[in-house]
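**Q** The structure's right below; bear with me while I get my questions together.
The values are calculated or read from the model by the stated rules, or taken from the named source; none is laboratory data. Computed from a predicted model, the values in this text were never measured in an experiment. Every residue, glycine as well, gets a Cβ built from its backbone with ideal geometry; the counts of neighbours run over all protein chains shown.
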Amino acid sequence: MPLLSIQDLHLEISRPGSHVSVLHGVNLHVDAGEIVGLVGETGSGKTLTAMSILNLLPSGARFTAGVIHFDGVDICRADAEQIHQLRGRAIGAIFQQPRAALNPTRPVVDQVADRYADLLGLGRRAALDAAFEQLRQVGIPDPRVRGKQYPHQLSGGMCQRVMVAMAIAAGPRLLLADEPTTGLDVTLQDQILRLITNLSQAAGMAVLLITHDLAVVAQTCQRVAVMYAGEVVESGPTDEILSRPKHPYTVGLIEAVAGLEAGRRPEAIPGVVPRFRQPPHFCPFVDRCPRAFDRCRVERPQLRALNGQEVACHLYAETTTGEAR
Ligand SMILES: Nc1ncnc2c1ncn2[C@@H]1O[C@H](COP(=O)(O)OP(=O)(O)OP(=O)(O)O)[C@@H](O)[C@H]1O
Ligand SMILES: [Mg+2]
């Protein structure tokens, strides 16, 4: 049993005057201790997938099909007490823009100490000691001094380390990291990714790392899932996916990065991610796909196993060799 297993997850958001099917067939699993990347263009549903795992939905949103199993709990149908035990405890989370997520009016060590007090029931003194120690663990130099500073006195990289310290206070089995290094310079990005990797290895903590940067995935993740327009269209071991992508969308993503590295103008895949009122009954990538054919317009491809990878594409429908038709 994987630690986290998402099967055929569907999520809709209804508001007066608008109705969107934002997730329609997310399939994903994360084993204990492994780091899995979740990639895809803006608007593909990565953040909503992470929010679903925390059962933290925007107003008007509801699950319409599928399951999320985490460590034996069915998250979509969990009661308030079960959710309480998961959020911050069994599942930690960090997001983009750490400074915005911190309270600007309190020293950072107090904010970390609050987690120890709330989550583990430590008294004030013990919580503060634990917080200073955790700040040291996540690589804040001189934590007894830096910890007493306010978020605006710390760099973006330091704020993200504080967020990591808060997220792992209760020793979670899974860390959700949603674009944790976006906006940081390359050196800081590298340091934060190394921190996450080290923590994962030291504590056997699994990580779902959301990013749209394939270089980050190559550096950090054992496996990767590629999302497009509300579903996972391809997944597998990182090396395999990056060296032998199958889905034309993944091929396009990788070519765009290769073009950038070769100093060419970034050739993004032409077009934008579509939005759907209902789960589509055709391939969601059909309008942008250079290899689309008739079947793609009338039938949605299902994710299926192929040589240790999984791909949702009619090009591979009848083959077992991994070669496209
Ligand atoms: N609160 C909301 N209300 C309505 N629609 C939403 C809401 N949040 C997200 N969406 C829509 O759901 C889709 C997926 O959004 P999501 O934020 O999960 O994408 P993402 O992959 O995280 O993108 P990015 O890379 O920009 O962070 C988008 O079309 C978005 O407009
Ligand atoms: Mg997002």
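**Q** Return the pairs, sorted by first residue and then second, in which the second residue is β-branched (Val, Ile, Thr) and surrounded by 13 or more Cβ atoms within 10 Å (Cβ to Cβ), the first residue lies in the stretch 118-133 and is part of a helix (DSSP H, G or I), the beta carbons are less than 7 Å apart, and the residues are 6+ apart or on different chains.
**A** The qualifying pairs are LEU128/VAL109; ALA131/VAL109; ALA131/VAL112; PHE132/VAL109.
**Q** Moving on to the next point. Being more than 16 Å from ligand 2 (Cβ to nearest atom), acidic (Asp, Glu), more than 20 Å from GLY171 (Cβ to Cβ) and surrounded by fewer than 16 Cβ atoms within 10 Å (Cβ to Cβ) is the requirement here; does GLU240 meet it?
**A** It is false that GLU240 is more than 16 Å from ligand 2 (Cβ to nearest atom), acidic (Asp, Glu), more than 20 Å from GLY171 (Cβ to Cβ) and surrounded by fewer than 16 Cβ atoms within 10 Å (Cβ to Cβ).
**Q** If only one of VAL298, VAL226 is surrounded by fewer than 22 Cβ atoms within 10 Å (Cβ to Cβ) and either of a type in the set (A, V, I, L, M, F, W, C) or within 20 Å of the chain's Cα centre (by Cα) (or both), which one is it?
**A** Working: VAL226 fails: surrounded by fewer than 22 Cβ atoms within 10 Å (Cβ to Cβ).
VAL298 is the lone residue from the list that is surrounded by fewer than 22 Cβ atoms within 10 Å (Cβ to Cβ) and either of a type in the set (A, V, I, L, M, F, W, C) or within 20 Å of the chain's Cα centre (by Cα) (or both).
**Q** Of the numbered conditions (1) over 30 Å from GLN85 (Cβ atoms); (2) at pLDDT 95 or above; (3) crowded, with 19+ Cβ neighbours inside 10 Å, LEU214 fails exactly one; give the number of that condition.
**A** The single condition LEU214 does not satisfy is (2).
**Q** Evaluate the following for ARG115: is it more than 16 Å from ligand 1 (Cβ to nearest atom) and surrounded by fewer than 21 Cβ atoms within 10 Å (Cβ to Cβ)?
**A** no
**Q** In the list GLY66, GLY72, GLY123, GLY88, which residue meets the criterion of being loosely packed, with under 14 Cβ neighbours inside 10 Å, of a type outside the set (Val, Ile, Thr), at positive phi and away from ligand 2 (no atom under 16 Å from the Cβ)?
**A** Within the list GLY66, GLY72, GLY123, GLY88, the selection yields GLY72.
**Q** Scanning the stretch 49-63 for residues that are more than 17 Å from LEU4 (Cβ to Cβ) and near ligand 1 (Cβ under 9 Å from one of its atoms), which turns out surrounded by the fewest Cβ atoms within 10 Å (Cβ to Cβ)?
**A** Of everything passing the filter in the stretch 49-63, SER59 is surrounded by the fewest Cβ atoms within 10 Å (Cβ to Cβ).
**Q** For GLY183, all conditions in the list (1) in contact (Cβ under 8 Å) with a residue 40 or more places away in the chain; (2) in a helix (DSSP H, G or I) hold save one; what is the number of the exception?
**A** Of everything listed in (1) in contact (Cβ under 8 Å) with a residue 40 or more places away in the chain; (2) in a helix (DSSP H, G or I), GLY183 misses just condition (2).
**Q** Among the residues of the stretch 22-35, what is the count of those that are more than 16 Å from ligand 2 (Cβ to nearest atom) and either assigned to a loop (DSSP other than H, G, I, E, B) or crowded, with 20+ Cβ neighbours inside 10 Å (or both)?
**A** Taking the stretch 22-35 and keeping what is more than 16 Å from ligand 2 (Cβ to nearest atom), we get 24-25, 27, 29-35.
From what is left, the residues that are either assigned to a loop (DSSP other than H, G, I, E, B) or crowded, with 20+ Cβ neighbours inside 10 Å (or both) are 24-25, 30-35.
Final tally of qualifying residues: 8.
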